[in-house]
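One structure is given here, and the rest of the page talks about it.
The numbers here are math on the coordinates, done by the rules we state, and not lab data. What you see is a predicted model, and the numbers here were worked out from it, not measured in a lab. Quick reminder, even Gly has a Cβ in these numbers, built from the backbone with ideal geometry, and neighbours come from all protein chains shown.
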Amino acid sequence: MNNKELIKAVEMIVKEKNISADIIFDGLKLALATAYKKNFNSKTNVLVDIDRETGEIKVFSYFSVVKEIDEGTEKIDEEGNSVKVPPEINIDAQILLEDAMKIKPDAKIGDAIQIEVTPKDFGRVAAGTAKQVLTQKIREAEKESIMEEFNGKEFEIMVGMVAMEDRNNYYIDLGRTRGILPKSEIIPDEKIVMGSNIKVYITKVESGNKGPFIKLSRSNYGFVKRLFEQEIPEIINGDIEIYSVVREPGIRSKVAVFSNNEKVDPIGACIGEKGCRIAGILKELGNERIDLILYNEDPVEFIKNALSPAKDAIVSITDEENKEALAIVTDDNLSLAIGKKGSNIRLANKLTKYHIQVKSLTQVNEEGNR
């Protein structure tokens, strides 16, 4: 890489990668100074100058003008040992006044003298160093650009291709980078096919040493929420709002919705004619059940709704301060209210933020007769 090629390369990076020219030239100067010291065994302070028009590179050693060379002083420490205190200015960066005046006749104590020390074969070292720096700056720019792109996509759904798999993770190609989908974050029992396209929910975007770290999920409750927001037009336009979503992946989700438009039935709109709207969401979630719950500001009504698919529950708030409630259901609704392995009542508790105790009519009658 000659001088002209260097300037063209910098101009291209500035234009295509949107990096400041100052940042690139500062990086080049620092790297070239380090390369000079390493390759030419220099201990002096070094400055590198790059002409931004021609690309010409010059190396300068700079010295502080002193009356006499300060080599440090001897000092006795608290334990009585003799220790050497280093000079304030590196000994290799000092120059006597009489020597400085040979270079600069009007030099005086305290001045800084620069002497060009550019080696004849420094171009070879400079070319290799410049390539390394420019490559590094391109990588840094791409990393920052990807970070900017994905920072705005945290808690959103993307479609990616399943590119790799190891013992614990799937690696999803998202275009300019890959995200990590831990196997603990997929829907239980679902089969992930290599090379297939898959919807994923972005739970975390962080800057890592090798680039952005993007963590993905298909089991997060936010995945269900975003699916509804993508599929239901009335949610997109604001007629319907999602109050809350709770989920036990692969088993059941409860989605509480309400309408901002009295002419729009929030449950019906989410289901669609003959289930056409919710069908796509159900297909994405496999065998997972979805209960659409009508949100109500009255906790009694909300709890009744949240116990779906159980019906006709009689609900009373037993402790408002500690948010405790009792729900009485018919015997044939008891198993529905509790759900498989207690999943339905757990989700109803999370959705309403009440601890709900469920009893059947028979249990209540038996307790009353004791």
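In units of the compact-protein estimate 2.2 N^0.38 Å, segment 309-357 shows a Cα radius of gyration of 1.09. Diagonalising the gyration tensor over the Cα atoms of segment 231-295 and scaling each eigenvalue by 5 before taking the square root yields semi-axes of 20, 13, 9 Å, largest first. The listed peptides 167-175, 241-249, 359-367, ordered by packing as a protection proxy, come out as 241-249, 167-175, 359-367 (highest mean of other Cβ atoms within 10 Å first).
Would you calculate, for the chain, the mean residue ellipticity at 222 nm contributed by helices, counting each DSSP H stretch of 4 or more residues as -39,500 (n - 2.57) and dividing by all residues, to the nearest 500? Mean residue ellipticity, 222 nm, calculated: -11000 deg cm²/dmol.
The listed peptides 276-282, 334-340, 114-120, ordered by packing as a protection proxy, come out as 334-340, 276-282, 114-120 (highest mean of other Cβ atoms within 10 Å first).
When the P(r) of segment 3-134 is calculated, the portion above 27 Å amounts to 39% of the C-alpha pairs. Along each principal axis, taking the top coordinate minus the bottom one, the Cα set of segment 169-235 gives 42, 26, 20 Å in descending order. Relative to the dominant Cα principal axis of the chain, helix 343-352 is inclined by about 70°.
The calculated P(r) of the chain, using every Cα pair and 20 Å bins from 0, goes 20, 31, 21, 19, 9, 1 in percent.
Projected area of segment 120-224, taken from the Cα convex hull and averaged over every viewing direction, in nm²?
On the way: hull surface 32.6 nm².
Result: a mean projected hull area of 8.2 nm².
Within the chain, antiparallel bridges make up roughly 75 percent of the DSSP beta bridges whose residues both belong there.
About its Cα centre, what dipole magnitude does segment 263-324 give when the only charges are +1 on Lys and Arg Cβ and -1 on Asp and Glu Cβ, stated in debye to the nearest 20? Walk me through the numbers on the way to the answer.
Values: 8 positive and 13 negative charges, 116 e Å.
Charge dipole, segment 263-324, about its Cα centre: 560 debye, nearest 20.
Taking a sphere under 11 Å around the Cβ of Lys350 and counting the other residues whose Cβ falls inside, with K and R at +1 and D and E at -1, yields a net charge of +3.
Highest average first, the peptides 303-315, 149-161, 124-136 ordered by how many other beta carbon atoms sit within 10 Å of their residues are 303-315, 124-136, 149-161.
Starting from the Kirkwood radius over alpha-carbon pairs of segment 100-160, derive D by Stokes-Einstein at 20 °C in a medium of 1.002 mPa s and give it in µm² s⁻¹. Walk me through the numbers before you get to the answer.
On the way: Rh = 16.8 Å.
Rounded, D is 127 µm²/s.
Within the same chain, lysines fewer than 8 places from Lys153 are excluded, and of the rest, those with a Cα less than 22 Å from its Cα are Lys17, Lys143, Lys183, Lys199, Lys204, Lys210, Lys215, Lys225.
Sorted from greatest to least, the principal axis extents spanned by the alpha carbons of segment 242-369 come out as 50, 31, 24 Å. The angle between the Cα long axis of helix 276-285 and the longest principal axis of the Cα atoms of the chain comes to about 60 degrees, rounded to the nearest 10. Centre-to-centre separation between the Cα atoms of segment 177-215 and those of segment 249-283: 27 Å.
The separation of segment 97-121 from segment 135-158, counted between C-alpha centres, amounts to 47 Å. Please give the net charge around Lys15, taking every other residue with its beta carbon less than 14 angstrom from that of Lys15, where Lys and Arg add +1 and Asp and Glu add -1. Here the charged neighbours net out to +1.
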